[in-house]
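The values are calculated or read from the model by the stated rules, or taken from the named source; none is laboratory data. In this text the structure is predicted, and so the values were computed from the model without any measurement. With ideal geometry, Cβ positions are generated from the backbone for all residues, glycine too; neighbour counts draw on all protein chains shown.
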Amino acid sequence: MRIGICDFSSVPGLVWDRPRESSFARSGASRRSIVVAALMRNLTSSIVVVAVPLNKYRTLAPDLLAGRTVIDAMNYWAPIDGEIDEFENDERTSSEIVQAYLSGSDVVKTLNHIGYHDLEEDGRLPGSEDRRALALAGGNNDAKALVAGFIDRLGYDPVDAGPLESGRAFQPGTEIFNGSHSATQLRSILAADREPARA
């Protein structure tokens with residue numbers, strides 16, 4: 001599995017401090033979007049992890065990401081980033097807005113609710129009693145299966161939250177975003193979150 005990582009920070013770099021994966025490509029803080037685009041032309045990645053500041057998501061080139069599975073690890077967090085009209089005045093989740101922009105890609109929301117220190121330190125082997133779970137949401141089941149395998153190889157139990165809009169359950173300020181949970185706990189929280197929709 002080849003993974004492309006598109007970020008303007010150090011956060012996703014820690015993902016590939018694990019020898020189980022073959023290769024990665026990354027664009028760092030000193031590179032502009034034009035360099036990111038040039039890099040992406042040469043990627044043969046199965047998955048591209050996007051972790052740029054959310055207000056920069058339109059610097060991504062949709063045509064270069066078309067046909068790829070894109071992990072959206074971004075968050076809209078107004079207290080930190082300031083209010084952004086595009087996200088304040090749209091009922092869709094931030095990931096749904098990103099998916100509309102990257103219309104040729106299969107966007108899967110995950111990795112947004114774990115800090116980079118935790119990502120480096122909390123991974124465990126499958127079956128470990130203290131293995132942490134990470135939620136994922138997306139509209140394409142094949143893409144979600146691919147991302148679930150990636151999460152498992154990072155050392156976490158993947159939990160499918162449902163379609164992309166279900167990523168609302170692990171946005172900033174939610175119980176999932178603010179804590180560390182096992183797969184059982186995560187499924188319970190997600191189930192409780194869906195209850196009002198059934199009423």
With respect to the numbered conditions (1) closer than 28 Å to Phe87 by Cα; (2) buried (at least 16 other Cβ atoms within 10 Å of the Cβ); (3) without any contact (Cβ under 8 Å) to a residue 60 or more places away in the chain, which one is the sole condition not fulfilled by Asp142? (2)
Is it the case that some residue within segment 79-91 is over 18 Å from Ser182 (Cα atoms) and in contact with a strand residue (DSSP E or B) (Cβ under 7 Å, 6 or more places away or on another chain)? no
Condition met for Arg18 (within 24 Å of Ala145 (Cα to Cα), assigned to a loop (DSSP other than H, G, I, E, B) and at pLDDT 60 or above): no
Sole miss for Ala161 among (1) part of a helix (DSSP H, G or I); (2) aliphatic (A, V, I, L, M); (3) crowded, with 16+ Cβ neighbours inside 10 Å is condition (1)
When Lys144 is run through (1) in contact with a Gly (Cβ under 9 Å, 6 or more places away or on another chain); (2) in a helix (DSSP H, G or I); (3) over 13 Å from Asp72 (Cα atoms), the failure sits at (3)
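Working only within segment 164-199, note down all residues that are hydrophobic (A, V, I, L, M, F, W, C) and either at pLDDT 95 or above or surrounded by 16 or more Cβ atoms within 10 Å (Cβ to Cβ) (or both). Even if it seems obvious, please write down each step before you answer.
Going through segment 164-199, the residues hydrophobic (A, V, I, L, M, F, W, C) turn out to be 164, 169-170, 176-177, 183, 186, 189-192, 197, 199.
Scanning segment 164-199 gives Leu164, Ala169, Phe170, Ile176, Phe177, Ala183, Leu186, Ile189, Leu190, Ala191.
Residues that are acidic (Asp, Glu), surrounded by fewer than 20 Cβ atoms within 10 Å (Cβ to Cβ) and part of a loop (DSSP other than H, G, I, E, B): does segment 90-112 have at least one? Working first, answer last.
Filtering segment 90-112 down to residues acidic (Asp, Glu) leaves 90-91, 96, 106.
Next, only the ones that are surrounded by fewer than 20 Cβ atoms within 10 Å (Cβ to Cβ) stay: 90-91.
Those left that are additionally part of a loop (DSSP other than H, G, I, E, B): 90-91.
So far as segment 90-112 goes, yes, one or more of its residues are acidic (Asp, Glu), surrounded by fewer than 20 Cβ atoms within 10 Å (Cβ to Cβ) and part of a loop (DSSP other than H, G, I, E, B).
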Residue list for segment 58-88, restricted to those being modelled with pLDDT under 90, crowded, with 16+ Cβ neighbours inside 10 Å and not in a loop (DSSP other than H, G, I, E, B): Leu64, Leu65
